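Chemist: Handing you this structure, nothing more for now.
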Amino acid sequence: MQIIFYHPTSDTQQWIDGLRRRLPQAQIREWVPGDKAPVDYALVWHPPYEMLADRQTLKGIFVLGAGVDAILNQERQHLGLLPAGVPLVRLEDSGMAKQMQDYVLAYVLRYFRRMDEYQLYQRQKQWKPLTPFALGDFMIGILGAGVLGKSVAESLVAWGFNVRCWSRSAKNIAQVESFHGEEQLPDFLHGTRVLINLLPNTPHTAGIITLSLMRQLEKNAYLINIARGAHLNEADLLVALEEGTVAAAALDVFAEEPLTDMHPFWSHPRISMTPHIAAVTLPEEAMDQIAANIRAIESDRQPAGWVDRQRGY
C-alpha cells in the first residue's frame, strides 16, 4: 500500500511516523514536486494541482480537516482533477467538536452576561450595571447541523440555553428545534439572538450571511462565525453593526486570511477576532480516524466522513 502526504504547515515527520505505527504494512512518503510514482491513498491539505492530477490508481483522498471546499474549488477549476468514483473523505471530528464547543460557549457566555459591553464601559470609565438577559429571551440559532453543529447544539442545551438549528434537511437533535430548507430560513432567523455559523462552504452557502439576513434576527443580535469567511459579507456586517442590527461579532474566519493591515475589523470595538483557531486538527486523533477509514476501504466498506461531491460535504 502506497500513501503520499502533503500539508504545507504541519510537522510532516510526525504524521508519517504516526501513520507508520498505525499502518505498518504501508509505504508512506511526503509528496514533493515531480513525484508521479503510483499511489493508493493521498492525505492532503490545500494540495498543489500537480499532486493529484492524473492519479488514476487512487483508492481514496483524505482531507486533513473538516472542510473540503478548497479541494472541491480546485476540482471545479480543473475538471477531472479528482478521479471519478474515488472516495473523498474529510475528518468528522478528531477532537474538533470539543474545541468548537469550548469556543462557542466562551462567546455565548460573554454575550449572555454582557461582558463585551462592560469591557467597553471600562475603557470609557463608566460604572454602569446592565439588566441581565433572561435565558428564555436568549435564543441561539445554529446555521449548519452536521457533526460539529450537532455537538455545539447539544453542549449549549446542557447549559440550559434555548437552541434551534437550520440545515438543508430536517434534523433530530434532542431539545433543539429544527428548521430546514429555504422556506424555513426566515422562521429560523426570527427571534434568534445569537447566530452561530457552522455551515459547510458550498456554492449554495457562500455569501449567505448578508445584511438582509442579519436584519431578520432579533435586534441587537450577536454573530459567531467559525465556519468559513466566504459565508459572511464583511461590508454588510459593518453596516449591521453601525445601525444596531448586530450588537457584536466574534469572527474566527475571514474572506482573506490573514487580514490586511488596513482591514477595518482590526480596530472595530464590537468585533472580536481569532486567527482561524476555533478548532484545529489534532494529529493523533486524526491519524486514528484516517487509519480506520483506510482499513474500511480495503475491506470494501464505506469510510466515515465520505463526502458527497455534489453537495460539497
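Values quoted throughout were computed directly from the atomic coordinates according to the rules given, and no laboratory measurement underlies them. These numbers come from a predicted model, not from an experiment. Quick reminder, even Gly has a Cβ in these numbers, built from the backbone with ideal geometry, and neighbours come from all protein chains shown.
Chemist: Kindly provide the pair-distance distribution of segment 23-121 built from C-alpha pairs, with 5 Å bins from 0 and whole-percent values in order of increasing distance.
Modeler: 2, 10, 17, 17, 13, 8, 7, 7, 6, 5, 4, 2, 0
Chemist: Next up: Determine one quarter of the surface area of the Cα convex hull of the chain, which equals its mean projected area, and express it in nm² to one decimal.
Modeler: It is 17.7 nm².
Chemist: Could you work out [θ]222 nm for the chain from helices alone, using -39500 (n - 2.57) per DSSP H run of at least four and dividing by all its residues? Round to the nearest 500 deg cm²/dmol.
Modeler: Only helices count here, giving -9000 deg cm²/dmol.
Chemist: Sticking with this one: Take every Cα pair under 8 Å in the chain that's 6+ residues apart, average their separations, divide by the length, and report that relative contact order as a whole percent.
Modeler: About 16 percent, as a whole number.
Chemist: For the residues LYS98, LYS36, what sequence is obtained by ranking on other C-beta atoms within 10 Å, fewest first?
Modeler: Sorted ascending by nearby Cβ count, the order is LYS36, LYS98.
Chemist: Another question, if that's okay. Restricting to segment 96-273, compute how many DSSP beta bridges are antiparallel as a %, nearest 5.
Modeler: Percentage antiparallel, nearest 5: 5.
Chemist: How are the alpha carbon pair distances in segment 96-273 distributed across 10 Å bins from zero to the largest one, expressed in percent?
Modeler: The calculated distribution, bin by bin, is 9, 40, 38, 12, 1.
Chemist: Roughly how big is segment 37-106's charge dipole about its Cα centre, with Cβ charges of +1 (Lys, Arg) and -1 (Asp, Glu), in debye to the nearest 20?
Modeler: 60 debye
Chemist: Quickly rank 19-29, 105-115 as a protection proxy: mean count of other C-beta atoms within 10 Å, highest first.
Modeler: 105-115, 19-29
Chemist: Follow-up question, since we're still on this one. Lysine pairs in the chain 8 or more apart or on different chains: how many have alpha carbons under 27 angstrom apart?
Modeler: Lysine pair count for the chain: 8.
Chemist: Write out the trypsin sites (Lys or Arg not before Pro) in segment 201-241 meeting two conditions: DSSP loop, and at most 14 other Cβ atoms within 10 Å of their Cβ.
Modeler: LYS219
Chemist: Name the residues whose placed amide hydrogens come within less than 5 Å of the amide hydrogen of ALA248, ignoring near sequence neighbours (fewer than 5 apart) on the same chain.
Modeler: LEU223
Chemist: Continuing with this model, one more query. Of GLN119, PRO38, LEU130, whose Cα points farthest to the positive end of the dipole of the chain (charges on the beta-carbon: +1 Lys, Arg; -1 Asp, Glu; origin at the Cα centre)?
Modeler: LEU130
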